[in-house]
Amino acid sequence: MRKRITLLIEDRIRFPNWRIRIIVIRMRQFRFCALLLASLSQLAPATALTAHAAEPVAATPQTEQPAPKDPVGDLFDSLKKERDAKKARVIATEIVGEWSDSGSPTINLLMKWAEEASDEKRSAAAYDFLDQAIFLDPDFAGAWYRRAMVHLADGDTRKAMADLNSTLEKEPRFFPALSGLANILESSERNETAMKVWERYLALYPADKDAQKEMSELSEKLAGTRS
């Protein structure tokens, strides 16, 4: 009994802080694991980024957009070849019909209201509707042409010419605008310039008998002034 007590005392003397030592060892192990996990968590995003950076990025294939189809291109080809005045007029009317559609229901409605207002001599209302149409789609040549006709009906040839030129900027083949411009130029005795405009017109619409007559009379007039 004394021997056992002695051994217990010796053990306690030899290992007086054994519980504390175990706790310290476990805490050190815990700290080491925590530091290891923290280091790995910091390395993981960098490793992932490096892996992604190393992977080649597949280029997105560029698909070529088809060029927009010219709705009146084929009609103009037919118009230039047609020599029969009646058949040519049918083609010309079809081209103008294509041009009258803006592609926007709102603008088409504004154009309809503007035409009605113009027919009823309500110029202010017509201008308002056309201004709105041009604001919504500045590239719609039909609105510029229609406003030019309202200016012309009001006797304002300067503004009419400005809008006709804008029409031709949007659509150089807009032959009604060429006809209107040529008539204004003739009325102001700018006959040589008017002649060039009629030439442009007939290059697009060669079977137009009225345009042929206008150009013939203008040519004779110019010949008389030169002689």
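The values are calculated or read from the model by the stated rules, or taken from the named source; none is laboratory data. Keep in mind that this is a model prediction, so the values were computed, not measured. All Cβ positions, even for glycine, are placed from backbone atoms using ideal geometry, and neighbour counts span all protein chains on display. Just so you know, the surface numbers come from the protein's heavy atoms only, side chains and all, with ligands and any DNA or RNA stripped out. Shrake-Rupley method; radii C 1.70, N 1.55, O 1.52, S 1.80 Å.
Annotations for the structure displayed:
- Enumeration of residues in the stretch 123-160 that are open to solvent by 50 Å² or more (accessible area, probe 1.4 Å) and among the β-branched types (Val, Ile, Thr): THR157
- LEU109 part of a helix (DSSP H, G or I), within 23 Å of the chain's Cα centre (by Cα), within 24 Å of PRO71 (Cα to Cα) and hydrophobic (A, V, I, L, M, F, W, C): yes
- Complete set of residues in the stretch 112-122 that are exposed (fewer than 15 other Cβ atoms within 10 Å of the Cβ) and assigned to a helix (DSSP H, G or I): LYS112, GLU116, ASP119
- Listed by first and then second residue, the pairs linking a residue in the stretch 88-109 that is open to solvent by 50 Å² or more (accessible area, probe 1.4 Å) to a residue that is among the polar types (S, T, N, Q), with Cβ atoms under 6 Å apart and 6 or more places separating them unless they lie on different chains, are ASN108/SER102.
- Any hit, the stretch 195-215, residues being closer than 23 Å to LEU130 by Cα, out of contact with any Pro (no Cβ under 7 Å at 6 or more places or on another chain) and open to solvent by less than 70 Å² (accessible area, probe 1.4 Å): no
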